[in-house]
Amino acid sequence: MRPHDLIFVSIEDWDEVWRRNQFLCAGLARRHPEMKILFVGQPRDVSRHLRTREGLQGKKAIGQAPGFPNITLFHPLKLLPNTLTTGRLANEALQRAQVRRAAREVGVEKPVLWLNPHQAVHMAGRMGERAVIYDITDDWTSIEQPEWLRRLTIRQDEALCRKADAVIVCSQRLYEMKRPLARRLELIPNGVDASHYARVLDGEGPLPEACRQWDRPVLGYVGTIHPDRVDTQLVEEIARKMERGTIALVGPQMLGKEEELRLVGTGRVRLTGSVPYADVPEYMRAFDVCITPHRMTVFTESLNPIKLWEYLAAGKPIVSTDVAGFRDYPELVRIARSADDFLRACLEALNEGEEPKLLRRAEAAKHSWDVRLEAVEAVVAKALEGER
């Protein structure tokens, strides 16, 4: 009997910038070549395309994940705006029909339904699934958004917590929030492929061209440059206090034009844009210090940043604001609460010896994606036992 198939509804597309969803699906696909996975990404949004000329570019309805013959990528069609209830309900019905049809076409049978976005609550119990897993990676109820959307987010999240056969969260804060709602709740943090980052310290040869002109020392950040996460005011203050060096922000750029111009205007900040997961360690080779200048908010308190494990695997010094995850490793991470503290900690880190680098790598090795996948498969097995 082959392993259960999977309909995996993701909050993000499958692209070259890997996140939790891709690591989990890729790991399961490698472990179980007989398993078929339908990875449902962001929709081809017709209404958005008509408004902004965006929403359809580069998205095929169906395709294959590069290197994974058992992972099919699917982008359903979305016709109407979600701002009106009638439009949202129509979009949901259309999405369910399209995903069911795509699952039949690729031979997905009696699947487990894995839901990452709270908006997918309408699919629970209606896709012919054997069990529903709700994987929560962020507290979307606490981000800045219109009040009507915040209320809808809360309703959808609470309903899905109650409907799911198992709820998985990635942080202690999310565990505390969802404990009153979920029937079965499991904490499974993010992880890392430590071997992927070995060349950050051990690599040789020329750096990527984009890094060669960076003034030293380089304070480097890897991840999405999003205003809900990155404290752009703090980054600007640090940059203006620096007498020399570069702040390199490596990852998808989602800042507004004004914020972007303020950072670039310091003369110290470099924004690379998206970098493929395969190339990230080469960029990190150019870093002297790995930094996490995150905002200290209710939202960031809910995170378990993948970059924590990636930075530890890279071995290089780490300086972070006082945020979840990073504060748990005071012997391996320097914590700063102001621009002056942050810059001082970075300068101290430049004189760090070799032992902390080895300790970071050793800690990262304990948090592999293989370890996380073992926990995930145990949760799914318990959910399927409930079905029987």
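Values in this text are rule-based calculations from the coordinates and carry no lab data. Just so we're clear, the structure is a prediction, and the values are computed from it rather than from any experiment. Neighbour counts run over all protein chains shown; Cβ positions are idealised from the backbone, glycine included.
Non-local lysine pairs in the chain, meaning eight or more places apart or on different chains, with alpha-carbon distances under 18 Å, amount to 12. Net charge in the neighbourhood of PRO69 (other residues with Cβ under 12 Å of its Cβ; Lys, Arg +1, Asp, Glu -1) is +1. In order along region 90-95, the phi-based Karplus estimate (6.51 cos²θ - 1.76 cosθ + 1.60, θ = phi - 60°) of 3J(HN,Hα) comes to 5, 4, 5, 4, 5, 5 Hz; Gly and Pro are listed as x.
The alpha carbon centroids of region 80-124 and region 348-388 are separated by 32 Å. In a DSSP loop and with at most 14 other Cβ atoms within 10 Å, the GluC sites (Glu not before Pro) in region 104-169 are GLU109, GLU144. Its alpha carbons considered, region 194-365 gives a radius of gyration followed by a Dmax of 14.7, 42 Å. Bridge orientation summary for the chain: considering DSSP beta bridges with both residues in this region, about 10 percent are antiparallel.
For the residues GLU186, GLU34, GLU310, a GNM of the chain with alpha-carbon springs under 10 Å puts the largest fluctuation on GLU34. Working note: Karplus 6.51/-1.76/1.60 with θ = phi - 60° gives region 218-230 the couplings 9, 9, x, 10, 10, x, 5, 8, 10, x, 6, 10, 7 Hz, where Gly and Pro are set to x. For THR292, the residues whose modelled amide H falls within less than 5 Å of its own, excluding neighbours fewer than 5 places apart on the same chain, are VAL319, SER320, THR321. Using just its DSSP H runs of length 4 or more, each adding -39500 (n - 2.57), the chain gives a mean residue ellipticity at 222 nm of -11000 deg cm²/dmol after division by all residues. Each residue of region 179-185 was assigned a 3J(HN,Hα) from its phi angle through the Karplus curve 6.51 cos²θ - 1.76 cosθ + 1.60 (θ = phi - 60°); the sequence is 4, x, 9, 8, 6, 10, 10 Hz, with glycine and proline shown as x.
How big is the gap, in Å, between the Cα center of region 327-345 and the Cα center of region 213-258? Region 327-345 and region 213-258 have Cα centres separated by 16 Å. Dipole magnitude for region 194-365: about 220 debye, using +1 per Lys or Arg Cβ and -1 per Asp or Glu Cβ, origin at the Cα centre.
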